[in-house]
Amino acid sequence: MRLFNKQNKLGSGASIRQIVGAKVLVGAFAFSAFNAMAFGQGSITDDFVKSALAKRHSGNINLIVRTSTPLSAKNELELTQMGGYVYRHLPIVHATAISIPAKNLRRLLAKSYVQHVSQDLSVRKTDTFTVGSSGADTAWQQYGVSGSGVGVAIVDSGIRRQKDFRDPSAKDSRIVASVNFSPDAEKPDDLCGHGTHVAGIVGGNGQSSTGPKDFITFYGIAPKANLVNVRVLDNTGAGSVSQVISGIQWVIDHKAKFNIRVLNLSLGHNVGESFTTDPLCQAVEAAWKGGIVVVCAAGNNGRLNETTTTVGADNEGYGTAYGTIGSPGNDPYVITVGAMKSVDGVRAHDQVATYSSRGPTLIDQVAKPDIMAPGNRVVSVLADNSYLDTTFASTNSVPKSAYMKTDSTANSDRYFVLSGTSMATPVVSGAAALLLEQQPNLTPDTVKARLMVSADKWTTTSGTGDMLTYGAGYLNIPAALQTGVVATQPAVSPFLSQDSSGNVNLIATLWGTGVDGLQAIWGNQAIWGNQAIWGNQAIWGNQAIWGNATLSANQAIWGNQAIWGNAPITDGQAIWGNQAIWGNSPISDMPVGGVDLTSVALNGEH
């Protein structure tokens with residue numbers, strides 16, 4: 001992503017200052033300064049909007065406009081006079097979704113009440129192994145938890161009312177509420193199939209694969225959880241940021257009525273601005289601070305190359321594309337999930353799916369993902385006759401013979417297989433529901449802390465660790481249920497920076513002022529140092545999760561005394577080596593817009 005400073009040129013060569021006749025504000029870009037444009041009271045950090053200012057766009061453009069006060073009737077009349085109109089109010093982020101002719105963008109930006117503008121981007125979905133490799137079955141048996149009574153909001157393409165979402169005793173649907181924010185249909189039914197598949201991973205109870213002839217039952221992680229259907233994507237899995245924000249607003253407003261404790265977002269868009277201004281990130285933060293655990297997909301862009309033909313490339317020959325986490329997974333508050341795949345059916349041999357996006361995040365350099373979960377070739381509930389079903393039945397259907405005794409060669413009309421971080425995300429959402437059933441008073445920060453602290457630390461087959469690939473490690477639900485860790489500070493993911501000597505350091509504060517005024521991220525003396533992790537006491541005694549010094553130091557993330565093993569962080573194939581963020585290979589750009597129905601989601605990895 002490129003951001004202009006006041007010397008950069010737009011259009012015919014006039015400077016930003018000359019074009020808009022406005023003052024220039026100073027902001028932060030990664031760990032070097034840049035100059036952001038300001039108009040009236042507002043600012044721009046969105047490249048699309050800058051491009052529109054340079055007259056590279058014609059016709060109407062859709063924007064999310066943050067204003068100092070709600071738009072008045074007079075303000076909306078002014079928009080009408082400019083040829084624009086309001087198509088969605090977004091009070092959760094103090095903004096309005098506006099369509100306006102590109103030629104009148106400067107007039108809009110000159111209004112004193114406009115604080116910030118962003119493109120209303122397209123969002124895309126980012127898509128039994130899940131139960132076994134997460135330890136969900138052990139959790140059910142040893143702790144007696146199933147997600148009962150916990151509401152999980154699936155903000156996606158909808159949920160089809162299938163048998164696996166019914167309470168088998170009462171025969172009532174566990175889809176306790178449904179609402180639609182996608183303009184392509186009036187009803188919240190899932191016309192795509194993605195949301196139903198995600199919902200099945202969270203809370204399917206296997207009723208369609210439980211019977212005298214069935215030898216495999218496809219369970220979700222929290223099979224008694226209540227599901228809240230928030231449809232924001234259309235029949236092909238497409239939608240806009242404003243639709244998603246409206247869905248999140250509805251979830252917050254109805255949290256108490258439906259006991260919504262978890263919000264699943266198996267979707268996202270390309271990172272185009274800092275999480276501090278990204279409207280979708282601000283919406284998920286509002287949900288988090290409102291007491292809802294928000295779980296987001298990391299994205300499926302972890303391959304540096306499209307094929308494995310690159311000689312000597314890591315990541316199973318694809319090369320590793322660091323810096324590919326999508327929004328809103330780039331927000332430091334939320335739990336961002338990467339995808340693991342089964343190699344031979346033995347959990348200890350599971351490895352990261354090559355497509356799983358890596359950190360750190362673009363612009364803000366947040367260390368992501370937070371945790372890994374099973375996500376490759378996952379069987380879950382099918383929305384029959386949906387777009388996915390009718391388009392990809394020949395490749396992604398599940399044969400009836402795969403789970404029941406039958407001579408039939410027909411495919412199931414109840415189950416479907418998909419892959420991606422979209423499928424890993426609901427595994428963690430289900431895990432959060434189990435924790436919240438066990439202890440309903442847990443805060444989102446404590447849920448995040450428990451999931452991360454208890455995760456099994458993971459390495460590549462060569463024994464090399466990588467916090468920007470595996471995060472805190474591989475989800476272990478029984479261990480999470482057993483831990484007593486309590487977060488006494490916001491459990492935001494750490495930031496990274498590189499000093500003049502080349503050392504990579506964890507940053508203790510957001511933008512130098514702390515999170516909500518706090519001077520430390522997860523403790524009162526250090527981030528992952530030996531004095532505190534998520535509170536006043538260290539989790540691992542004298543040794544912190546990720547060490548107590550810089551990332552290249554002896555006691556740090558890759559040091560001999562650290563959880564991640566003894567491979568130094570400066571190894572050629574490590575984060576900061578030749579394939580690194582600050583190394584010789586550039587970060588690959590993430591694709592913008594569209595639904596992820598590529599070979600990754602459809603075929604996964606074998």
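Remark on region 159-267: hydrodynamic radius 14.5 angstrom, per the Kirkwood mean of 1/r across alpha carbon pairs. For region 39-120, the relative contact order is 52 percent, taking Cα pairs closer than 8 Å that sit 6 or more residues apart in sequence and dividing their mean separation by the residue count. The packing ranking of peptides 98-106, 289-297, 497-505, 398-406, highest mean first, is 289-297, 98-106, 398-406, 497-505, where packing means the average number of other beta carbon atoms within 10 angstrom of each residue. Taking a point 7 Å from the Cα of Ser68 along the Cα-to-Cβ direction, the residues of region 107-124 with backbone N closer than 16 Å to it are 108-117. Taking every lysine pair in region 39-120 that is 8 or more places apart or spans two chains, those with Cα atoms closer than 19 Å amount to 5. Taking every DSSP beta bridge that has both ends in region 39-120, the antiparallel portion is near 90%. Taking the DSSP beta bridges with both ends in region 238-375, the antiparallel portion is around 25 percent. Averaging the sequence gap over all C-alpha pairs within less than 8 Å and six or more residues apart, then dividing by the number of residues, gives region 190-315 a relative contact order of 19 percent. Put simply, the amide H of Gln115, placed in the peptide plane, has neighbours under 5 Å in Arg66, Thr67, Ser68, leaving out anything fewer than 5 places away on its chain. Bridge orientation summary for region 338-468: considering DSSP beta bridges with both residues in this region, about 75 percent are antiparallel.
When His194, His116, His94, His606 are arranged by Cβ crowding within 10 Å, least crowded first, meaning fewest neighbours, the order is His606, His94, His116, His194.
In terms of packing, defined here as the mean over residues of other Cβ atoms within 10 angstrom, the peptides 345-357, 299-311 line up highest first as 345-357, 299-311.
Scanning residues 5 or more positions from Ser412 or on other chains, those with amide H under 5 Å from its amide H are Val398, Lys400, with H placed 1.01 Å from N in the peptide plane.
Counting neighbouring Cβ atoms within 10 Å and putting the fewest first, the residues His254, His197 line up as His254, His197.
Cross-link reach is defined here as a Cα-Cα straight distance under 18 Å, omitting same-chain residues fewer than 8 places apart; for Lys171 the lysines meeting it are Lys163, Lys224.
In terms of other Cβ atoms within 10 Å, Arg88, Arg166 run from fewest to most in the order Arg166, Arg88.
Remark on Thr320: its backbone amide H falls under 5 Å from those of Leu304, Asp314, a criterion applied only to residues 5 or more positions apart or on other chains, H modelled at 1.01 Å from N.
Set against the 2.2 N^0.38 Å expectation for a compact globular protein, region 124-482 has a Cα radius of gyration ratio of 0.91. Across region 245-251, computed HN-Hα scalar couplings (Karplus, 6.51 cos²θ - 1.76 cosθ + 1.60, θ = phi - 60°) run 4, 4, x, 5, 4, 4, 4 Hz from first to last residue, x flagging Gly and Pro.
Here the scattering of region 39-120 is modelled by Debye summation over its C-alpha atoms, one equal scatterer each and no solvent; at q = 0.21 Å⁻¹ the log10 of I(q)/I(0) is -0.91. Packing, as the average of other Cβ atoms within 10 Å across residues, places the peptides 255-266, 70-81 in the order 255-266, 70-81, highest first.
Read-outs: derived from the displayed coordinates by stated rules, not from any lab. Being a predicted model, the structure only gives us computed values, none of them experimental. Here Cβ is always computed from backbone atoms with ideal geometry, including for glycine, and neighbour counts include all displayed protein chains.
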